[in-house]
Amino acid sequence: MSSDRNKSTLKRLIEEMDKGRLDIVDEIFTPDYVCHLHGGSVTLDRKAHKKTLETFYQAFPDYHHRIEELIAEGDTVVLRGVDLATQNRAFGGWPATGKGISISARYICRFVNGKIAEAWMEADLLGFYQQIGAIDEKELEKAASFIPGEGR
């Protein structure tokens with residue numbers, strides 16, 4: 001498969017998910033798909049990944065992705081982007097805030113025969129939890145106090 005076709009497939013996945021069409025996962029992910037989250041400490045199969053997306057889109061119904069960069073080489077496509085949403089419902093035990101969130105994210109997808117077989121996802125979860133009020137600002141400042149200088 002061509003790199004351009006794989007890029008188009010990933011873009012289509014994002015576009016369809018952002019329309020709320022999460023069944024696209026069944027079409028674009030291989031049956032033995034695996035996703036590695038947070039440096040590989042958590043893995044999801046296709047069914048678990050779809051359920052995770054459903055949970056997210058329920059709490060953040062306007063959840064959408066902004067693609068900043070899309071790079072393809074061979075069977076691999078890398079996406080750097082920003083995920084944006086408004087927390088309109090409770091999520092993970094935290095009440096709805098009505099606030100907008102912005103999460104920087106990176107996705108690396110390996111394709112087999114035009115479908116995503118494996119993915120690695122990294123997102124700014126610390127920032128996400130801070131934005132929904134799950135992490136206290138003072139505790140975050142304390143945790144970051146080891147960083148020298150004015151820039152923290």
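The values are calculated or read from the model by the stated rules, or taken from the named source; none is laboratory data. These figures come from a predicted structure and were not determined experimentally. So basically every Cβ, Gly included, is an ideal-geometry build from the backbone, and we count neighbours across all protein chains shown. Side chains are part of the model used for accessible areas, which takes the heavy atoms of the whole protein and leaves out ligands, DNA and RNA. Shrake-Rupley method; radii C 1.70, N 1.55, O 1.52, S 1.80 Å.
Compute the helix-to-body angle for 46-59: its Cα long axis versus the longest principal axis of the chain, expressed 0 to 90° and rounded to tens. Compared with the principal axis, the helix lies near 40 degrees. Counting protein heavy atoms only, the chain has 51 percent of its accessible area on carbon and sulfur, 1.4 angstrom probe.
On full extension, the segment bounded by residue 23 and residue 4 gains 4.5 nm, given 0.36 nm per residue less the C-alpha separation. How far is helix 3-18 tilted, in degrees, relative to the longest principal axis of the Cα atoms in the chain, given as a value from 0 to 90 rounded to the nearest 10? Helix 3-18 sits at roughly 50 degrees to that axis.
When the helix-only estimate is applied to the chain (DSSP H runs of n ≥ 4, each -39,500 (n - 2.57), divided by the residue count), what is the mean residue ellipticity at 222 nm, nearest 500 deg cm²/dmol? Walk me through the numbers before you get to the answer.
Working: 5 runs with 49 residues, N = 152.
Dividing the helical sum by the residues of the chain leaves -9500 deg cm²/dmol.
Post the alpha-carbon centroid distance, segment 110-134 to segment 47-64, in whole angstrom. Answer, in whole Å: 12. The three principal axes of the Cα atoms in the chain give end-to-end lengths of 49, 35, 26 Å, sorted in falling order. Note on the chain: with a GNM built from Cα contacts shorter than 10 Å, the maximum mean-square fluctuation among 100, 92, 133 falls on 92.
Would you tally the net charge around residue 115, using a Cβ to Cβ cut-off of less than 12 Å, leaving residue 115 out, and scoring K and R as +1, D and E as -1? The partial results should precede the final answer.
Numbers: positive: 5, 12, 46, 110; negative: 26, 27, 32, 75, 118.
Neighbour charge sum, excluding residue 115 itself: -1.
With K and R counted +1 and D and E -1, the other residues having a Cβ less than 10 Å from that of residue 44 yield a net charge of +3. Accessible area per residue for segment 3-152, computed on protein heavy atoms with a 1.4 Å probe, is 58 Å².
The phi torsions of segment 109-118, fed into the Karplus equation with coefficients 6.51, -1.76 and 1.60 and a -60° offset, translate into couplings of 10, 9, 9, 9, 6, x, 10, 7, 9, 8 Hz, rounded to whole numbers, with Gly and Pro shown as x.
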